[in-house]
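Here the structure comes first, spelled out in structure tokens, and everything after it is commentary.
Every number in this text was worked out from the coordinates using simple rules, so none of it is lab data. None of these values were measured; they are calculated from a predicted model. Cβ coordinates were reconstructed from backbone atoms using ideal geometry, including for glycine residues, and neighbour counts include every protein chain displayed.
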Amino acid sequence: MAGLLAGCAKPPQSQSSQNLSAYSQSTDALETAAVDGRLRIEAVTGQPMPPRLNGALAGRTLTVASSTQLVLRPGEVVLTFDDGPRPGKTEAVLDALDTHGVKATFLMLGAAAQRHPELARAVAQRGHAIGSHTFSHTDLTTLSHSEAMAEIQRGHEAVGQALAGSGHLPSRFFRFPYLAQSNIIRTSAVDGHLVILDVDIDSKDYYRESARAVLNRTLERLDRQGQGIVLFHDIHARTIAMLPEFLDELHARGYKVVTLRSSGGSAFDTPLITARTQGISAAL
């Protein structure tokens, strides 16, 4: 069970409690006050460092049709943010990313995008990729296969509806809540043309601890690996507090932030998922 809880803000609950109201209350409860001023970075020693790269923090754009094509070079980082959008938090993440000239991938909950469509559109308009993270952050392994597929599809539909009229469409990127999955669910999602985003460096920014602790842990894990997909959440004040300094440190340590794009258009361009659930369309 410990492995299933990686990358989540709270343990899985029963399906009956997985609605927008319960989601908002549970995530709000985990937020901490922002840290004033710049964080003092404690040196991380004894870890291998990537070679120093000159120039801007922003690196190449990598366009992929499947997760198997997402191959990073030494010193390359992909920034991802789950569970948003969240007013007062997502805007600050966007500002920090803009200041450093880098792009991220936002894996949005359908429920949150439905509640805050203006924020979803703002993320897209500022050049970031938007994927999905189911509708209500349900542990899909607790559902039947058809229910799991319907939950994934409902999340995509809600994100697409939030972006309607903005000139932007969702990408094919998807991440499992709690990183919890079964072989059959993953295979069905891949067969449905989703690009699954796994996690190399989990910041664990959902822990009740200081922004500095999140910063130091994330840098230490990244330096140990030398590259990878980093998981953050754009719903926590501690993440907002540490992000500018984290980006400064990426630059100082010679990393490059890769911009991700999914090929083949949006999640709505081709049949995606067969839900086999009454009331859910057979394809997006």
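Below, the figures for the structure above:
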quantity: Förster radius 22 Å - calculated FRET efficiency between ASN183 and ARG208 (Cβ-Cβ, nearest 0.05); calculated: 0.10
quantity: Amide H contacts of GLY59 (H built 1.01 Å from N, under 5 Å, at least 5 apart or other chain); calculated: VAL257, VAL258, THR259
quantity: Least to most buried among HIS128, HIS251 (fewest other Cβ within 10 Å first); calculated: HIS251, HIS128
quantity: Reduced Cα scattering model of the range 78-120, Debye log10 I(q)/I(0), q = 0.16, 0.17, 0.24 Å⁻¹; calculated: -0.38, -0.43, -0.81
quantity: Which of PHE173, PHE81 has the fewest Cβ neighbours within 10 Å, and the rest in rising order; calculated: PHE173, PHE81
quantity: Net lengthening on full extension, ARG73/ARG126 (0.36 nm per residue, minus Cα-Cα); calculated: 16.5 nm
quantity: Centre separation in Å (Cα based) which lies between the range 164-184 and the range 121-160; calculated: 5
quantity: Total charge dipole magnitude, the range 141-203, about the Cα centre, Cβ charges on Lys, Arg, Asp, Glu only, Debye to nearest 20; calculated: 140
quantity: Added length on full extension, which subtracts the Cα-Cα distance from 0.36 nm per residue, ALA252 to ALA58; calculated: 68.6 nm
